[in-house]
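Written below as structure tokens is the structure these notes are about.
We did not get these values from a lab; they are worked out from the coordinates using the rules stated. Since this is a predicted model, take the numbers as computed values, not measurements. Positions of Cβ are generated from backbone atoms using ideal geometry, with glycine treated the same way; all protein chains shown enter the neighbour counts.
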Amino acid sequence: DGGITQSPKYLFRKEGQNVTLSCEQNLNHDAMYWYRQDPGQGLRLIYYSQIVNDFQKGDIAEGYSVSREKKESFPLTVTSAQKNPTAFYLCASSSGLAGATDTQYFGPGTRLTVL
Amino acid sequence: AQKVTQAQTEISVVEKEDVTLDCVYETRDTTYYLFWYKQPPSGELVFLIRRNSFDEQNEISGRYSWNFQKSTSSFNFTITASQVVDSAVYFCALSEAQPFQKLVFGTGTRLLVSP
């Protein structure tokens, strides 16, 4: 079955630690995205990548880093510089068609809690 | 700047009632796309529909229907004969055509359907 997987489902971190969230897709999509969701709020874009070895900052990139070494993988690292990292993190991918004719499909999410 | 407003924070209905979720958007582009996603308690966002700005025809898919009106910048979503399984948070989102598909989400409407 094609889809997007995220791991782990739940993650606990101590203050001052970096953590990496995994996102893998087998949809053969070129574009991948990371969003953050806080309670009662919509999703906000952290980073996106339209092609392997290239990525761009979204609206709230401070305190986060990403890499895109393989087409199917787009890991997100939450660094100790992120002041309020407790949130629900969602990864998405899309075929990467030009313009906005594309549809983003989402993974199941990772809930990160800082202790 | 793009903006999506979902004024209804939470709606409660009894099973078999019809319910309409409102979505109002702002954009300066003439070419744009509108989306609805469903987020069940599991957390994953499920794609429901994509609509482009050139097509104002209403769409029906089973118990779901969408009413797109450019004159009022609205893209409302109606569930007919609601069921308990429809309980979820529903997000409306907007993307402009360029430079890439950046989705701007509303804050979501939580729908609770009780038996």
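List of remarks:
- Placing +1 on the Cβ of every Lys and Arg and -1 on the Cβ of every Asp and Glu, with no other charges, gives the protein assembly as shown a dipole of roughly 560 debye about its Cα centre.
- Average beta-carbon neighbours from other chains, 10 Å sphere, peptide A:102-109: 6
- Burial ranking of peptide ranges B:72-79, A:9-16, B:102-109 (average Cβ count within 10 Å, highest at the top): B:102-109, B:72-79, A:9-16
- Separation between Cα centres of region B:60-115 and region A:52-77, rounded to whole Å: 28
- Assuming charge only on the beta carbon of Lys and Arg (+1) and of Asp and Glu (-1), the dipole of chain B about its Cα centre is about 220 debye to the nearest 20.
- The mean number of partner chain beta-carbon atoms within 10 angstrom of a residue's beta-carbon across peptide A:42-50 is 4.
- Antiparallel DSSP beta bridges within the protein assembly as shown, as percent of all bridges there, nearest 5: 90
- DSSP assigns beta bridges within chain A; of those with both partners inside it, close to 90 percent run antiparallel.
- Take each residue in B:61-68, count the other chain C-beta atoms within 10 Å of its C-beta, and the mean is 0.
- For chain B: rounded, prolate or oblate by the Cα gyration tensor [a/c cutoff 1.5]: prolate
- Burial order of peptide ranges A:40-46, B:59-65, B:28-34 (average beta-carbon count within 10 Å, highest first): A:40-46, B:28-34, B:59-65
- Dipole of chain A, positive direction: furthest Cα of A:PHE55, A:LEU11, A:LEU45, with charges on the beta-carbon: A:LEU11
- Rounded FRET efficiency, nearest 0.05, which uses the C-beta distance separating B:ASN52 from B:ASP18 and R0 of 30 Å: 0.70
- Flagged links, alpha-carbon separation over 32 Å, of A:LYS83/B:LYS102; B:LYS38/B:LYS70; A:LYS14/A:LYS57; A:LYS83/B:LYS70; A:LYS71/B:LYS70: A:LYS83/B:LYS70; A:LYS71/B:LYS70
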